[in-house]
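One structure is given here, and the rest of the page talks about it.
Derivation of every value follows stated rules applied to the coordinates shown; laboratory data play no part. What you see is a predicted model; the values in this text were computed from it and never measured. Heads up, the Cβs are rebuilt from the backbone with ideal geometry, glycines too, and the neighbour counts pull from every protein chain shown.
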Amino acid sequence: MFPLLETLVAVYEVGQFTLAADELKVSQSTVSSRIAQLEQMVGAPLFVRNAKSDVTPTQAGRMLYQTAIGIDGLWRDTREQIARVQEAREPLAVSFSHTTAAILLPKALPVMARDMDGFDFAVHVMNSDAILEQASMKAVQLGVVEKPIVNDSVDRVTLCEDRLVLAGEPDGVRYYTDLYFKTAQVVPARTMEVSSNAAIVAALSAGFGQSLISEAAVPAGVPVQRELGDEFVRRFYALVPRSGLTHDQRELAETIIAALRG
């Protein structure tokens, strides 16, 4: 049908079968055959043949021309919409807890970089409880946390172990968790709470204080006290919404998880 209507539009606009054939890059007999098919389908002549090969559209020809250009416009718009959909990238929001961002994010980034043509990535850093809430609401497609938290809306996958050590000079200000205070039976004279892991690492690098941090995050040259006990070996986890992900989103989330487990 499209070649027939395309031929009608060409003949209508140039006023000759010969010129229409040149425009469409087909033979004049093909143009004549297509117009004849249309006339048979609508049951009325579409053009009046005049002298010097000119043609004049009939009322039926004018009506069908208006319909044809409307169909052509709709067809072009639809093709453009399909092309935009094909070019569109899917969103993938990934959230890391503060500790996992420092340790595991560098492993995830190369995997994500390989799919930048197909996805628009957003990486956020927040605490583990906030990540669980975001994953439950499907605001993120993948969360990486340092606490064994889960609910009915997400699946949890164990990624790897993370050993905590006491890092820093012993004569500085101490950053301990309540668990370490209790286990080591230590009551420090002074404490300072710092909510940023990056700031803690920077302070340790500068030789200031002590902190209980992930062994993998200890800056080079900072003394550490290892073997604090099995209770100071934790695990990192991935949280994935159980529903609401496209096939490609879920597949990429699983690929990232595999890289983080390796």
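How would you rank 6-14, 56-64, 110-118, highest first, on the average number of other Cβ atoms within 10 Å across their residues? Walk me through the numbers on the way to the answer.
Values: 6-14: 20.4, 56-64: 16.1, 110-118: 12.0.
Packing order, densest peptide first, comes out as 6-14, 56-64, 110-118.
Under the rule of at least 5 residues apart or a separate chain, name every residue whose amide H is placed under 5 Å from the amide H of His124.
Val94, Ser95, Phe96
Using only the alpha carbons of region 122-172, determine the length spanned along each of the three principal axes and report them from longest to shortest in whole angstroms.
46, 21, 16
Only bridges with both residues in region 14-151 count here: give the DSSP antiparallel percent, nearest 5.
Details: 4 of 14 bridges.
If I count the DSSP bridges inside region 14-151, around 30 percent turn out antiparallel.
Which whole-number percentage describes the relative contact order of region 1-151, with Cα contacts under 8 Å and a sequence gap of 6 or more?
RCO, region 1-151: 18 percent.
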